[in-house]
1. Are there any pairs, at least 6 apart or on different chains, whose C-beta atoms fall under 6 Å, with the first in the range 224-236 and closer than 19 Å to VAL120 by Cβ and free of Cβ contacts under 8 Å to residues at least 12 places away in the same chain and the second within 10 Å of the ligand (Cβ to nearest atom) and of a type in the set (Asp, Glu), and if so, which?
2. Can you give me the number of residues within the range 207-236 that are part of a strand (DSSP E or B) and open to solvent by 10 Å² or more (accessible area, probe 1.4 Å)?
3. Give me the residue from the range 101-120 that is in a loop (DSSP other than H, G, I, E, B) and surrounded by 18 or more Cβ atoms within 10 Å (Cβ to Cβ) and, out of that set, farthest from the chain's Cα centre (by Cα).
4. Hey, could you check the range 148-186 for residues that are in a loop (DSSP other than H, G, I, E, B) and away from the ligand (no atom under 14 Å from the Cβ) and say which is surrounded by the most Cβ atoms within 10 Å (Cβ to Cβ)?
5. When you go through (1) within 16 Å of the ligand (Cβ to nearest atom); (2) surrounded by fewer than 22 Cβ atoms within 10 Å (Cβ to Cβ); (3) free of Cβ contacts under 8 Å to residues at least 40 places away in the same chain one by one for GLY194, which number turns out not to apply?
6. Would you check if CYS81 is of a type outside the set (Asp, Glu), away from the ligand (no atom under 12 Å from the Cβ) and modelled with pLDDT under 95?
7. Please verify whether GLY95 is buried (at least 19 other Cβ atoms within 10 Å of the Cβ) and within 8 Å of the ligand (Cβ to nearest atom), treating the condition exactly as stated.
8. Evaluate the following for VAL182: is it out of contact with any His (no Cβ under 7 Å at 6 or more places or on another chain) and over 18 Å from LEU131 (Cα atoms)?
Amino acid sequence: MEALDALRLQIEWGADEALLAAPVDRTAAPARGLHPPGQASAPSVMPPAPMLGPAARAADLAALCGTLAELRGALETLEGCALRLTATSLVFADGNPHAGLMFVGEAPGAEEDRAGLPFVGPSGRFLDRMLASIGLDRSKFLITNLIPWRPPGNRNPTDSEVSLCLPFLLRHVALARPRRLVLLGGLATRAITGNAAGIRRTRGRWLDLAVPGLEVAVPTLPMLHPAYLLRTPGAKREAWADLIMLRRALDADLSGM
Ligand code: URA
C-alpha cells in the first residue's frame with residue numbers, strides 16, 4: 001500500500017512518464033571499490049557529446065524542409081529533444097493547411113499526446129466552441145503548438161526546449177503561409193514575438209510578425225489561452241472582444257479578395 005501511495009504522489013507531482021526501460025533504485029548504496037580512492041567514478045552512461053548550438057542546428061534542419069510532410073518527418077526523428085522520447089505521439093497539426101488562418105498554442109496535454117492531435121482535450125473543446133461562435137471550424141484554419149510533444153506531467157517547457165522547437169514552428173508558418181496568425185497564450189506569444197510584456201498586455205492588438213522565408217510580415221493576434229479562460233471565467237470578456245476582432249479582420253480579408 002505504501003508503494004501505491006508513493007506512486008499516486010508521483011503522478012500528482014507530474015512524474016507520469018518512464019525515462020528508462022529498466023527501473024533504477026536511487027536509494028541503493030553506490031557500489032564500492034570500483035574506483036581508486038580520490039578518483040571520480042566513471043559515469044555508467046556516457047553523456048552525449050555537447051551539441052554545438054542546438055537551436056542553430058534546429059534552424060538549419062527546419063530550413064531544409066520544403067513541405068509540411070518533410071517538416072513532420074524532421075520532427076519525428078529530431079535528436080536532442082528529450083520531450084520526443086517521453087511523449088507518446090508527435091502532435092504536429094490539425095485542420096486545413098490551405099485555409100489562410102493559423103492558430104498556435106503552447107504544448108499538447110495528455111489527451112493530445114494520446115490522440116496525436118492538438119487541442120482535443122478540455123481546452124481544445126472549449127476553443128472549438130469559442131471559434132464556432134464566430135463561424136470557424138477546423139476546415140477553416142490550421143492549428144498547431146509551439147512545442148509538438150507533451151512535456152511530462154504538463155510542466156512548462158524549458159527555455160532550451162522552446163528555443164529548439166521555435167525554428168520548426170516558424171518553418172511551419174512559412175510553409176503554410178497563413179494570411180493571419182493567432183497566438184494562444186503567453187508562452188507562444190513571448191516565444192514567437194519576443195515580447196515579454198505578458199499576454200494580458202499584448203492581447204487584443206494585431207502586430208506584424210516577420211517570419212524567415214516569408215516576404216511579407218504576417219498579421220498576428222495574441223489571444224488568451226483557452227485553458228486560462230477555463231480557469232479564469234472573468235477574462236472571457238476580453239477573449240470575446242478578441243474573437244470579434246478576428247472575425248472582422250477575416251470578413252475584411254474576404255471582402256477585399
Ligand atoms: N492542448 C494543446 O494542444 N495545446 C495547448 O496549448 C493546450 C492544450
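1. From residues that are closer than 19 Å to VAL120 by Cβ and free of Cβ contacts under 8 Å to residues at least 12 places away in the same chain, there are no pairs.
2. Residues that pass the stated criteria total 4.
3. Within the range 101-120, the subset in a loop (DSSP other than H, G, I, E, B) is 106-109, 116-120.
Cutting the leftovers down to surrounded by 18 or more Cβ atoms within 10 Å (Cβ to Cβ) gives us 106-109, 117-120.
Working: GLU106: 4, ALA107: 3, PRO108: 6, GLY109: 10, LEU117: 12, PRO118: 9, PHE119: 11, VAL120: 14 Å.
The extreme case among them is VAL120.
4. This residue is PRO178.
5. Single failed check for GLY194: (1).
6. On the way: of a type outside the set (Asp, Glu): yes; away from the ligand (no atom under 12 Å from the Cβ): yes; modelled with pLDDT under 95: yes.
Spelling it out, CYS81 is indeed of a type outside the set (Asp, Glu), away from the ligand (no atom under 12 Å from the Cβ) and modelled with pLDDT under 95.
7. no
8. So VAL182 fails the test.
The values are calculated or read from the model by the stated rules, or taken from the named source; none is laboratory data. No experiment lies behind these values; they were computed from the predicted model shown. When we count neighbours, we look across all protein chains shown, and the Cβ atoms used for this are built from the backbone with ideal geometry, even at glycine. Areas reflect the complete protein model, heavy atoms only, side chains present, ligands, DNA and RNA absent. Shrake-Rupley method; radii C 1.70, N 1.55, O 1.52, S 1.80 Å.
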